[in-house]
Amino acid sequence: MSVVLDISAGVNVQSGLGRYSRSLTEALIPLLFEPPTLFYNHIEGRSEPFLNNLPTRTINLGYKPWRMVVWMGQLAHVGFNRLIPGATLYHGHEHLLMPLRGIPTVLTVHDLIFKLFPEHHKKLNYVFLNQAMPLFCKRADAIITISESSKRDLVEHYNASPDKIHVIYEAPDPIFRPPTAEQIDAVRQRYQLPEQFLLVVGTIEPRKNYSRLVEALMRLRESHSDLKLVVVGSKGWLYDEFFGKIAALNATGHVIFPGFIPDEDLPVVYGMATVVVMASVYEGFGLPILEAMACGTPVVCSSTSSLPELGGDVARYFDPYNVDEMVAAIDALLSDSDLRKKLASEGLLHAAEFTWERTARETIDVYNALLDA
């Protein structure tokens, strides 16, 4: 089996899709009988290759031109086989499926956020995905998605066959584990973090629902006067409402932006947080829930989309559109240290059930089923 992994997301994107591509690729390598070939669109000044000891094929086009070429190729039924000679199976890790002839193809679809929340997407990106994704999903021989929630969306909105869709969960990286007291002291001083804080990890964009969370923070401060909100994530898009809300509620001194936090420090930040909150109105997966649990921190999150799948009986939930519920759910943990300890302990066991080795083995099962067919 000569597998080609399209790791364009892995070399061009740091978070989200990129982390999935890098983690899955590294987990697949020791389980495959033959080393995979890595394929990616090299973007000058942006691409950061990894695993340079593996056979690699690249194409040198910009982000948007390559997406348009792939889409046009699919529409015209043109095979791009010459770009990956000798391949017996192709797996695209992001929302892009290269057109190929006579080769089984697998496409990972992380979510349909662009379809469900078009107002939260840049217009050009929305137009491309809305037009191209139904075709990519139709042409793929198998689809891997990362939650039952996303599978339901694919069936409902694209009429995709459930038999073609395989739910394979992601996992927290092994670096996420409870920090030591010495690590906490050092990282707290490095980033000037408070003793008591709520933590959110994710790009600043409307879907993350940070504006309502700021409202909840200021109400919680009435009974937890030292409470702060720490936001670890870069500016994404349509973030003016969030910063406007901070200003309108006079919350500037209570919302902390520590800036970029490298991987070696992020588990410590998770571990020192009082509570990790995921207030998103929708998530295809919601990896910060498992990362937080793996670091021994209790989680409060939305009751929508995939999040209850990940949190199970360990997380506490609220309606993301209801600030009263958000306040009550967070306050229940802030006011009960025994409950926080209980959930932290249960979370460690829960997160341990999700591993990248398991993800890789289930992914190989999909490959083998296609090749056997």
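Listed values, structure above:
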{"item": "Inter-centroid distance (Cα atoms) of the range 172-228 relative to the range 313-356, Å", "result": "14"}
{"item": "Hull shadow area, averaged, the range 140-185 [alpha-carbon convex hull, nm²]", "result": "4.9"}
{"item": "Per residue value of the accessible surface for the chain (all protein chains in place, 1.4 Å probe), Å²", "result": "43"}
{"item": "Rg followed by Dmax, in Å, when the range 63-135 is reduced to its Cα trace", "result": "13.1, 42"}
{"item": "Using a Förster distance of 35 Å, the FRET efficiency for LEU249-LEU349 (Cβ separation, nearest 0.05)", "result": "0.40"}
{"item": "Degrees separating the helix 356-372 axis from the principal Cα axis of the chain, which is the longest one", "result": "20"}
{"item": "Within-15-Å neighbourhood charge of GLY10 [Cβ basis; K, R +1; D, E -1]", "result": "-3"}
{"item": "Over the chain: helical MRE at 222 nm, DSSP H runs n ≥ 4 each giving -39500 (n - 2.57), nearest 500", "result": "-12500 deg cm²/dmol"}
{"item": "Computed over the range 19-168, Cα set: Rg, Dmax in Å", "result": "15.5, 45"}
{"item": "Fraction of accessible area attributable to carbon and sulfur, the range 137-238 (%, probe 1.4 Å)", "result": "45"}
{"item": "Heavy-atom accessible surface of the range 1-66: percent carbon and sulfur, 1.4 Å", "result": "53"}
{"item": "Cα gyration tensor category, rounded, prolate or oblate, for the range 256-373 with a/c compared to 1.5", "result": "prolate"}
{"item": "In the range 186-276, trypsin sites (Lys or Arg not before Pro) in a DSSP loop with at most 16 other beta-carbon atoms within 10 Å", "result": "ARG221"}
{"item": "Radius, Kirkwood style, for the range 206-287 when every pair of distinct Cα atoms is counted (Å)", "result": "13.8"}
{"item": "Hydrodynamic radius of the chain per Kirkwood, over alpha carbon pairs, in Å", "result": "21.7"}
{"item": "Between helix 123-139 and the chain: long-axis angle, C-alpha atoms, 0 to 90°, nearest 10", "result": "50"}
{"item": "Restricting the range 1-41 to chymotrypsin sites (Phe, Trp or Tyr not before Pro) in coil, as DSSP defines it, with at most 15 other Cβ within 10 Å", "result": "PHE33"}
{"item": "Between 0 and 90°, nearest 10: helix 148-158 axis offset from the chain longest Cα axis", "result": "50"}
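The values are calculated or read from the model by the stated rules, or taken from the named source; none is laboratory data. Small disclaimer: the values here were computed from a predicted structure and weren't measured. Cβ: placed from backbone, ideal geometry, glycine included. Neighbour counts: every protein chain shown. Ligands, DNA and RNA are excluded from the accessible area calculation, which covers all protein heavy atoms including side chains. Shrake-Rupley method; radii C 1.70, N 1.55, O 1.52, S 1.80 Å.
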